[in-house]
Amino acid sequence: MTQNRSIQGATATTAAATAGGARSSFTPALLASLLLYAAIALWLASHPVSLSSDDALFLLHALKRFSVLDFSPQFPGYPGFVALGRLALSISHDPLDALGLTTLLVALALPPMAGLVVWRVTGDRWRALLAFLLTLACPLLPDIALSLLSDGSGILFLLTFLSLLPRASQENLGFLQPFLAGAALAFAGACRPSDAVLLACALLGALIALPRAWKALLAGGLAVTIPTLAVLFALEGTLYWQEGLRFFAGNAMLWGNTPFAGTSARHRNWLGAVASLPGGPVLIALPLIAALAVLRRRRAPPAAFAAALALPGHMVWILAFQNPDHLRHLAPILILGGILLATMKLPGAKSLTAIAASLYAIAAFWCMALTLDPNPEHLPPLAQALSFLRAEPQAVVATNNGVFTLRTLLPRHHIYDMHYPADARLGLAMAKGPAYRLTTTRPENGNIVAAFPGRFAGEETMWLERKRSPRPDL
Amino acid sequence: MRRLGFLIALFAIFAGMTVVKTVPAQAYSYAAAGAEPLLDGREALFSAVSAGNWDAAQKAVDQLKPELDYLDTHEQPGIKKAFADAIAAKDPAKVKASFVLAASAEIERRVNGARDNLKDYQTAKVLIVKSQRFYTAIAGDLPPDVSKIVSTNLQKALDAVGNPGVFGVGAKKADPAAFAQARAAVLKALGRPN
C-alpha cells in the first residue's frame with residue numbers, strides 16, 4: 001500500500017515536472033517564434049510597394065473610384081478588399097501605399113490567426129504554435145504580402161470564421177458566435193468572391209458539423225452578403241452580371257490558361273505548376289491527406305471539418321477554373337494544410353502526425369530556400385521591365401503580362417496585348433523602333449535581352465526577347 | 001415544396017430582369033458584354049494579314065460588313081473603300097490604319113451616345129466603357145501623345161457621367177460641361193471633325 005502510494009506520488013511528481021518542463025520550454029519557444037515573426041515582418045515591410053500586375057493596378061484604381069465595368073477593379077470587384085484598402089487609405093493618404101499596407105497587414109495577420117484557429121480547435125498551445133510557424137513558413141506568404149492582391153484577405157476572414165466555430169458540436173452555441181462566424185465567412189467572400197467554392201465548402205462543412213447552428217450561420221452570412229450585393233447592384237445594375245459572364249467566359253476560354261482554353265492559348269497546367277515548385281508535391285499532397293484524415297473522423301471538431309472540406313473543394317475549383325501561372329491560388333491549400341496538420345490527431349499514431357508536420361515544414365523551407373530572393377530592395381519583375389524599357393523610348397512591346405500597367409507607366413511606348421496575338425505580331429512586325437516580346441515563358445532559341453527574376457514563389461520571372469527584324473512569323 | 005416554388009419564382013424574376021435589361025434599346029447593343037463585331041473580328045483579320053493570306057483577309061472584312069455598312073453610312077464615309085483599297089494593295093499597314101479609323105469612328109459613336117444619354121447613368125457609363133474597349137484595341141497603334149490624351153479624357157468623361165451613389169448616398173450628378181470638354185479632347189486627338 002505504502003509502496004503503491006509512493007509510486008503514485010512519484011508518477012504525480014514526474015507528471016508535474018513534465019508539465020512544468022513543458023511550460024518552461026514553451027515560453028522560450030514562443031519568444032523565439034515571435035522574434036522570427038518580427039524579423040520576417042520587418043523584412044517584408046522593408047520591400048518597396050510596387051505594382052506587380054494589372055490586377056494590382058485595377059485594385060489601385062478601385063481605391064479612388066469603384067466601378068467593375070471600368071476595371072476599377074476587375075470582375076468580381078472584391079468589394080470587401082477595396083473597403084479594407086480604403087480604410088488603410090484614411091491612414092496613409094497614398095493609394096499605392098494604402099494597398100501595400102493592406103496586403104502586408106493581412107499577410108502578417110495570417111500566422112497568429114492560424115495559431116488561434118488551432119488553439120480554439122485543440123486547446124493545445126504547442127499545436128497552436130506549430131500552426132503559427134507552419135503558416136509563417138508558407139512559401140506563398142511573401143507573395144500574399146507584396147503582390148498587392150486580395151488573396152490574403154479572403155483567407156484571413158476564412159480563418160476568422162474557423163476561429164469563431166465552437167470546439168465541439170455538442171457545445172451550447174448561443175446565437176452570437178455562429179452569427180459572427182457566418183458574417184466573417186461572408187466578408188471573406190466579399191473580399192475574395194473568386195474563392196466562392198472554397199468558402200461555400202467551408203460553410204457546408206460547418207453546417208454538417210453544426211446542424212443546430214444553421215440559422216445563426218446563415219443569418220450572419222446574409223447580414224453581410226445582402227448589403228454587399230445591394231451595393232454592387234446600386235452601382236453597376238444588372239450589367240454587373242453581364243460583365244461577370246463575359247469575364248468568366250474570357251477567363252475560362254481565352255486568357256485564363258484553364259483546361260477549357262483552346263490549346264493554342266494553353267501553355268501550362270496545374271500538375272506542371274506544382275511539380276515545378278520546389279517541394280510543391282509534398283506541400284499539396286500532405287494537406288490533402290490531412291484533410292481526408294480529418295474528414296474520415298466521425299467527430300472531428302467543426303472548424304477542422306469545415307477546413308478539411310474546403311481544401312479539396314478549392315483544389316477542384318482551381319484545377320478547373322484558375323490560371324496555373326498564378327501559384328497564389330494555392331495559398332488557401334497551403335495555409336489550411338498547415339492548420340490541419342497541426343490539428344490532426346491520428347488514433348494511436350502521434351508520431352505520424354509529427355512526421356507529417358515535420359515533412360511539411362521541411363518542404364516549405366526547401367521551397368523558400370530555392371525561390372526566395374532575400375534582398376528586400378529588389379523590385380517585382382514587371383517593375384524591373386519598366387525600368388529597362390524606360391531607357392528605350394522607341395521600343396515596341398508585345399506582352400500578356402501587365403499590358404495596362406505598361407501602358408499607364410510607359411505612355412510613350414507602343415504596347416500590344418498578346419491576348420490578341422495576330423494584332424500584336426503585326427504591330428511588332430511594323431515597328432519602327434526595337435520590337436520586344438515580354439513574357440513569363442522562357443523563349444526557346446530566342447534573342448533574350450534581359451531577364452527580370454521573380455523574388456519569391458508565385459512571382460514569375462519575366463524575359464524580354466528582342467524580335468530582330470519585321471517579319472510576319474513573329 | 002412551397003419554398004422551392006418561391007425560390008424558382010425569385011430566380012425567374014431575376015433572370016427576367018436581366019434579359020429585359022439586355023435587349024438592345026437601339027440599333028446596337030449598349031451592353032458592355034454585348035458582341036462587338038469589329039473587336040471580335042480583328043484577330044481573324046490580322047491573322048490573315050500576318051500570314052499574307054489576302055483571300056482570308058477579304059473574308060474577315062466581309063464578316064464585318066454590317067458594322068462597316070453602319071459606320072460608312074453614319075460615322076465614317078469611305079471606311080469600306082479604305083478597307084477594300086488596303087486589301088487590294090495587300091498592304092498590312094493600310095489595313096491597320098483602316099482598322100484604327102474604324103475603331104476611332106466607333107469611339108466617336110459611343111461617346112456621342114453617352115452625351116445624348118447623360119441623364120441615364122448606366123447607359124452613359126456603358127457607352128464610355130465601350131469606347132474604352134475600342135481605345136484599348138488600338139492603343140498600341142496610336143501615336144503616344146494621342147493615346148495619352150484619349151486615355152486621360154475617356155477617364156474624365158467617365159467621371160463626368162457622375163455616380164448614382166449607394167441608394168443615393170454619395171451620389172454625384174453628371175457634369176455636362178466637363179463631359180463636353182473631355183469628349184472634345186478625345187475627338188480632337190483622334191482627328192475626328194467635331
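The values are calculated or read from the model by the stated rules, or taken from the named source; none is laboratory data. None of these values were measured; they are calculated from a predicted model. For neighbour counting, all protein chains shown are included, and Cβ atoms are generated from backbone atoms with ideal geometry for every residue, glycine included. Surface accessibility is based on the protein's heavy atoms, side chains included, excluding ligands, DNA and RNA. Shrake-Rupley method; radii C 1.70, N 1.55, O 1.52, S 1.80 Å.
Numerical summary
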{"item": "Members of region B:144-177 that are part of a helix (DSSP H, G or I) and under 13 Å from A:Leu235 (Cα atoms)", "result": "none"}
{"item": "Selection within region A:197-221 - without any contact (Cβ under 8 Å) to a residue 40 or more places away in the chain and either open to solvent by less than 20 Å² (accessible area, probe 1.4 Å) or under 21 Å from A:Leu156 (Cα atoms) (or both)", "result": "A:Leu207, A:Leu217, A:Leu218, A:Gly221"}
{"item": "Which numbered condition B:Gly52 fails, given (1) within 15 Å of A:Ala422 (Cα to Cα); (2) modelled with pLDDT of 90 or more; (3) surrounded by 15 or more Cβ atoms within 10 Å (Cβ to Cβ)", "result": "(3)"}
{"item": "Selection count, region A:169-185, where residues are of a type in the set (Ser, Thr, Tyr) and in a helix (DSSP H, G or I)", "result": "0"}
{"item": "Single residue of region A:248-263 satisfying the filter (open to solvent by 80 Å² or more (accessible area, probe 1.4 Å) and within 14 Å of another protein chain (Cβ to nearest Cβ)) that is modelled with the highest pLDDT", "result": "A:Phe248"}
{"item": "Checking B:Phe179 against (1) within 13 Å of another protein chain (Cβ to nearest Cβ); (2) crowded, with 22+ Cβ neighbours inside 10 Å; (3) not aliphatic (A, V, I, L, M), the condition it does not meet", "result": "(1)"}
{"item": "The lone exception for B:Asp141 - which of (1) farther than 23 Å from B:Lys59 by Cβ; (2) within 11 Å of chain A (Cβ to nearest Cβ); (3) in a loop (DSSP other than H, G, I, E, B); (4) of a type in the set (D, E, K, R) it fails", "result": "(1)"}
{"item": "Single residue of region A:114-123 satisfying the filter (among the aliphatic types (A, V, I, L, M) and open to solvent by 10 Å² or more (accessible area, probe 1.4 Å)) that is nearest to the chain's Cα centre (by Cα)", "result": "A:Leu116"}
{"item": "Answer from A:Pro453, A:Pro443, A:Pro376 - the residue that is modelled with pLDDT under 90 and not assigned by TED's automatic domain parsing to the domain that holds A:Asn251", "result": "A:Pro443"}
{"item": "Filter result for the condition that a residue is in contact with a strand residue (DSSP E or B) (Cβ under 8 Å, 6 or more places away or on another chain), free of Cβ contacts under 8 Å to residues at least 60 places away in the same chain and surrounded by fewer than 15 Cβ atoms within 10 Å (Cβ to Cβ), over A:Ala431, A:Ala451", "result": "A:Ala451"}
{"item": "Selection from region A:394-409 of residues that are in contact with a Lys or Arg (Cβ under 9 Å, 6 or more places away or on another chain) and at the interface with another protein chain (Cβ under 9 Å from one of its Cβ atoms)", "result": "A:Val396, A:Val397, A:Ala398"}
{"item": "Checklist (1) more than 13 Å from every other protein chain (Cβ to nearest Cβ); (2) open to solvent by 50 Å² or more (accessible area, probe 1.4 Å); (3) at pLDDT 90 or above applied to A:Ala303, failing item", "result": "(2)"}
{"item": "Condition check for B:Asn117: under 17 Å from the mean Cα position of the chain (by Cα), open to solvent by 20 Å² or more (accessible area, probe 1.4 Å) and without any contact (Cβ under 8 Å) to a residue 24 or more places away in the chain", "result": "yes"}
{"item": "Single match in A:Leu319, A:Leu340, A:Leu359 (criterion: in contact with a Phe, Trp or Tyr (Cβ under 9 Å, 6 or more places away or on another chain), under 28 Å from A:Arg268 (Cβ atoms) and not aromatic (Phe, Trp, Tyr))", "result": "A:Leu319"}
{"item": "Among (1) surrounded by 21 or more Cβ atoms within 10 Å (Cβ to Cβ); (2) out of contact with any Leu (no Cβ under 8 Å at 6 or more places or on another chain) - the single one A:Ala181 does not satisfy", "result": "(2)"}
{"item": "Test: residue in region A:186-201 that is farther than 28 Å from A:Leu101 by Cα and outside any loop (DSSP other than H, G, I, E, B)", "result": "yes"}
{"item": "Failed item in (1) open to solvent by less than 50 Å² (accessible area, probe 1.4 Å); (2) outside any helix (DSSP H, G or I), with A:His419 passing the rest", "result": "(1)"}
{"item": "Lone qualifier among A:Thr11, A:Thr102 - being of a type in the set (Ser, Thr, Tyr) and either at pLDDT 95 or above or touching a Pro at 6+ places or on another chain (Cβ under 8 Å) (or both)", "result": "A:Thr102"}
{"item": "Boolean, A:Leu245 is at pLDDT 85 or above and assigned to a helix (DSSP H, G or I)", "result": "no"}
{"item": "Any hit, region B:89-96, residues being surrounded by 15 or more Cβ atoms within 10 Å (Cβ to Cβ), under 28 Å from B:Gly113 (Cα atoms) and within 14 Å of another protein chain (Cβ to nearest Cβ)", "result": "yes"}
{"item": "Any hit, region A:430-438, residues being facing chain B (nearest Cβ under 8 Å) and not hydroxyl-bearing (Ser, Thr, Tyr)", "result": "yes"}
{"item": "Residue count, region A:222-242 (criterion: facing chain B (nearest Cβ under 10 Å) and without any contact (Cβ under 8 Å) to a residue 40 or more places away in the chain)", "result": "8"}
{"item": "Residue match in region B:107-122 (condition: within 10 Å of chain A (Cβ to nearest Cβ), in a helix (DSSP H, G or I) and of a type in the set (Ser, Thr, Tyr))", "result": "yes"}
{"item": "Cross-chain or 6+ apart pairs with Cβ under 6 Å, region B:150-168 first and at the interface with chain A (Cβ under 7 Å from one of its Cβ atoms) and of a type outside the set (D, E, K, R), then surrounded by fewer than 17 Cβ atoms within 10 Å (Cβ to Cβ) and outside any helix (DSSP H, G or I)", "result": "B:Pro164/B:Ala171"}
{"item": "Enumerated helices (runs of 4 or more DSSP H) restricted to region A:317-395, each holding at least 2 residues that are over 30 Å from A:Phe260 (Cα atoms) and open to solvent by 10 Å² or more (accessible area, probe 1.4 Å)", "result": "A:350-371, A:381-390"}
{"item": "Filter result for the condition that a residue is open to solvent by 10 Å² or more (accessible area, probe 1.4 Å) and in contact (Cβ under 8 Å) with a residue 40 or more places away in the chain, over A:Leu87, A:Leu60", "result": "A:Leu60"}
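A quick yes/no check of all residues on (1) free of Cβ contacts under 8 Å to residues at least 40 places away in the same chain; (2) open to solvent by less than 30 Å² (accessible area, probe 1.4 Å); (3) outside the structural domain of A:Gly250 (by TED's automatic domain parsing):
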| position | (1), (2), (3) |
| --- | --- |
| A:His47 | no, yes, no |
| A:Ser50 | no, yes, no |
| A:Ser67 | no, yes, no |
| A:Asp70 | yes, yes, no |
| A:Pro73 | yes, yes, no |
| A:Gly80 | no, yes, no |
| A:Asp97 | no, no, no |
| A:Val106 | no, yes, no |
| A:Arg125 | no, no, no |
